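Remarks on the structure that follows.
The values are calculated or read from the model by the stated rules, or taken from the named source; none is laboratory data. Values in this document were obtained by computation on a predicted structure and should not be read as measured data. Please note: Cβ atoms are built from the backbone with ideal geometry, for glycine as well, and neighbour counts cover all protein chains shown. Surface accessibility is based on the protein's heavy atoms, side chains included, excluding ligands, DNA and RNA. Shrake-Rupley method; radii C 1.70, N 1.55, O 1.52, S 1.80 Å.
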Amino acid sequence: MSTAQIPDILSPEFAANPYPVYRAMRESAPLVWHEGMQSWIVSRYADVERVFKDKEAQFTTDNYNWQIEPVHGKTILQMSGREHSVRRALVAPAFRGSDLQEKFLPVIESNSRDLIDQFRTTGSADLVHDYATRFPVNVIADMLGLDKADHTRFHGWYTAVIAFLGNLAGDPEVAAAGERTRVEFAEYMIPIIRARRENLGDDLLSTLCAAEVDGVRMNDEDIKAFCSLLLAAGGETTDKAIASIFANLLMHPEQLAAVREDRSLIPRAFAETLRFTPPVHMIMRQSAVDVEVTGGTIPAGATVTCLIGAANRDENRYKDPDRFDLFREDLTATTAFSAAADHLAFALGRHFCVGALLAKAEVETGVNQLLDAMPDVRFADGFDPVEQGVFTRGPQTLPVRFTPLAA
């Protein structure tokens with residue numbers, strides 16, 4: 001396929017199935033300028049890895065000034081140097097180690113169980129609608145000490161935010177809805193933050209209010225922006241990941257059977273899902289200087305779109321990359337949720353996803369509990385899963401059947 005024949009990244013053909021397009025880009029157009037997006041696009045693993053690790057300080061996250069600040073406010077993603085390291089030190093402890101295990105694992109387990117209890121005895125469920133879209137948002141609401149009765153509002157907000165981030169074609173209505181979300185979320189969140197400062201509890205919001213590193217504390221706007229980011233990033237990505245891990249396992253019954261028998265394989269299945277069908281297909285950066293990559297030179301000051309969905313299936317990095325195989329030897333499950341990961345779904349380098357271990361805990365808990373409740377889970381008759389989305393991607397529906405267990 002010549003460069004001229006490769007379907008456009010904004011085309012219906014690409015949206016329907018980007019993977020053949022990714023292959024064509026890796027092979028014949030590893031660096032391409034996209035006029036509509038006003039961005040250079042890189043698709044090979046080596047190039048995307050280099051942009052993310054950025055060992056020579058050639059790339060910045062200045063793109064987030066226009067990409068996410070309009071919906072979240074200024075977040076940790078836009079920061080660099082000491083400002084970034086201090087902010088990350090303020091928020092990171094809650095997402096690893098004893099805080100995650102002791103304070104939040106029980107929250108994860110109870111939220112998963114509550115959702116499963118609603119369909120456990122029915123023999124059928126839609127794993128997207130009944131579980132995946134609700135579970136991570138409920139967990140985040142509980143972690144922050146917010147009212148889960150506001151779930152519908154949270155879900156509406158993060159859906160609008162993700163649409164804004166994925167608004168590659170520049171639809172003005174999508175942009176306006178995203179910017180409205182920033183106003184609405186601030187009106188909701190700032191009074192709660194102020195009240196929590198006056199009456200600290202044991203929740204994550206109280207932790208953020210009280211946290212101090214090197215004499216720096218987060219102000220109300222900092223905390224609001226981080227909560228907004230957490231809701232969108234933690235909700236959308238874990239939602240898509242849970243739906244995708246089940247879609248992948250149900251389409252590979254022998255691997256599903258292996259996971260059912262040996263639950264220690266769940267992290268491997270999750271890592272392979274992140275490689276094979278990542279929730280986020282593209283992340284942007286900005287070049288600080290002229291940078292040579294495969295296929296040419298990216299000029300200084302340009303937006304660079306890193307195609308995670310393409311890089312994670314690079315045949316120069318993975319053997320038989322278009323095959324889902326949780327037993328593959330070229331993906332390391334033990335490092336898959338750390339900055340030493342050898343897939344790109346969480347990015348890499350200093351902006352590696354702070355919530356990676358939270359996502360792992362949610363997916364491990366969810367898959368375990370769902371398999372316990374649905375030992376013979378299978379797709380509903382005639383159903384064939386279809387991914388949707390360009391910026392983020394996953395099944396929009398996942399109807400399953402199972403023999404109900406006694407209540």
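Let me confirm something: among Tyr45, Tyr22, which residue is among the aromatic types (Phe, Trp, Tyr), open to solvent by less than 10 Å² (accessible area, probe 1.4 Å) and over 25 Å from Met189 (Cα atoms)? Give the steps one after another, and end with the answer.
Numbers: Tyr45 fails: open to solvent by less than 10 Å² (accessible area, probe 1.4 Å).
On inspection, the qualifying residue turns out to be Tyr22.
Select, from Ala149, Ala132, Ala125, the only residue that is surrounded by fewer than 17 Cβ atoms within 10 Å (Cβ to Cβ) and of a type in the set (A, V, I, L, M).
Just one listed residue meets the conditions, Ala149.
Among the charged types (D, E, K, R), surrounded by fewer than 16 Cβ atoms within 10 Å (Cβ to Cβ) and touching a Pro at 6+ places or on another chain (Cβ under 6 Å): which single residue out of Glu13, Glu35 fits that description?
From the options Glu13, Glu35, the qualifying one is Glu13.
Pairs under 7 Å by beta carbon, first residue over 20 Å from Gly73 (Cα atoms) and touching a residue at least 40 places away in the same chain (Cβ under 8 Å) in the range 187-205, partner assigned to a loop (DSSP other than H, G, I, E, B) and of a type outside the set (Val, Ile, Thr), six or more apart or different chains?
Gly201/Gly145; Asp203/Gly145
In the range 294-351, which residues are among the hydroxyl-bearing types (Ser, Thr, Tyr), open to solvent by 10 Å² or more (accessible area, probe 1.4 Å) and part of a loop (DSSP other than H, G, I, E, B)? Quick ask: steps written out before the conclusion?
First, pick out the residues of the range 294-351 that are among the hydroxyl-bearing types (Ser, Thr, Tyr): 294, 297, 303, 305, 318, 332, 334-335, 338.
Imposing the further condition that a residue be open to solvent by 10 Å² or more (accessible area, probe 1.4 Å) reduces the set to 294, 297, 303, 332, 334-335, 338.
Answer for the range 294-351, where residues must be among the hydroxyl-bearing types (Ser, Thr, Tyr), open to solvent by 10 Å² or more (accessible area, probe 1.4 Å) and part of a loop (DSSP other than H, G, I, E, B): Thr294, Thr332, Ser338.
Are there any pairs with C-beta distances below 7 angstrom linking a residue in the range 262-274 that is acidic (Asp, Glu) to a residue that is not in a helix (DSSP H, G or I), with the two at least 6 apart or on different chains, and if so which?
Glu272/Phe324; Glu272/Asp325; Glu272/Leu326; Glu272/Arg328; Glu272/Leu331
Quick check on this structure: which one of Ala225, Ala258 is touching a residue at least 24 places away in the same chain (Cβ under 8 Å) and touching a Leu at 6+ places or on another chain (Cβ under 8 Å)?
None of the others qualify; the one that does is Ala258.
Could you grab me the full set of residues in the range 360-407 that are of a type in the set (A, V, I, L, M) and either open to solvent by 10 Å² or more (accessible area, probe 1.4 Å) or assigned to a loop (DSSP other than H, G, I, E, B) (or both)?
The answer is Ala361, Met374, Val377, Ala380, Val386, Val390, Leu398, Leu405, Ala406, Ala407.
Consider only pairs whose beta carbons are under 9 Å apart and that are at least six residues apart or on different chains; among these, list those whose first residue lies in the range 52-72 and is over 26 Å from Glu292 (Cβ atoms) and crowded, with 21+ Cβ neighbours inside 10 Å and whose second residue is among the hydrophobic types (A, V, I, L, M, F, W, C) and modelled with pLDDT under 80.
Every condition considered, the pairs that remain are Ile68/Leu77.
Go through the range 358-391 and report how many residues are touching a Lys or Arg at 6+ places or on another chain (Cβ under 6 Å), of a type outside the set (Asp, Glu) and within 20 Å of Ala16 (Cα to Cα).
Counting residues in the range 358-391 that are touching a Lys or Arg at 6+ places or on another chain (Cβ under 6 Å), of a type outside the set (Asp, Glu) and within 20 Å of Ala16 (Cα to Cα) gives 0.
Tell me yes or no: at least one residue of the range 248-268 is among the charged types (D, E, K, R), open to solvent by 10 Å² or more (accessible area, probe 1.4 Å) and either under 23 Å from Arg23 (Cα atoms) or in contact with a Lys or Arg (Cβ under 8 Å, 6 or more places away or on another chain) (or both).
Step one: filter the range 248-268 for residues among the charged types (D, E, K, R), giving 254, 260-263, 268.
Narrowing the set further to residues that are open to solvent by 10 Å² or more (accessible area, probe 1.4 Å) leaves 254, 260-263, 268.
Now narrow it down to the ones that are either under 23 Å from Arg23 (Cα atoms) or in contact with a Lys or Arg (Cβ under 8 Å, 6 or more places away or on another chain) (or both): none.
Checked against the condition, which is being among the charged types (D, E, K, R), open to solvent by 10 Å² or more (accessible area, probe 1.4 Å) and either under 23 Å from Arg23 (Cα atoms) or in contact with a Lys or Arg (Cβ under 8 Å, 6 or more places away or on another chain) (or both), the range 248-268 yields no hits at all.
Condition check: touching a helix residue (DSSP H, G or I) at 6+ places or on another chain (Cβ under 8 Å) and under 24 Å from Thr159 (Cβ atoms). Does Arg378 satisfy that?
No, not satisfied.
Evaluate the following for Gln396: is it modelled with pLDDT of 90 or more, under 30 Å from Ile9 (Cα atoms) and polar (S, T, N, Q)?
So Gln396 passes the test.
So, in the range 165-219, of the ones that are of a type in the set (Lys, Arg) and over 23 Å from the mean Cα position of the chain (by Cα), which residue ends up least open to solvent (accessible area, probe 1.4 Å)?
Arg196
List the residue pairs whose Cβ atoms are under 8 Å apart, where the first residue sits in the range 349-369 and is touching a residue at least 12 places away in the same chain (Cβ under 8 Å) and on the phi > 0 side of the Ramachandran plot, the second is part of a helix (DSSP H, G or I) and not polar (S, T, N, Q), and the two are 6 or more positions apart or on different chains.
From the range 349-369, the pairs are Gly349/Phe52; Gly349/Lys53.
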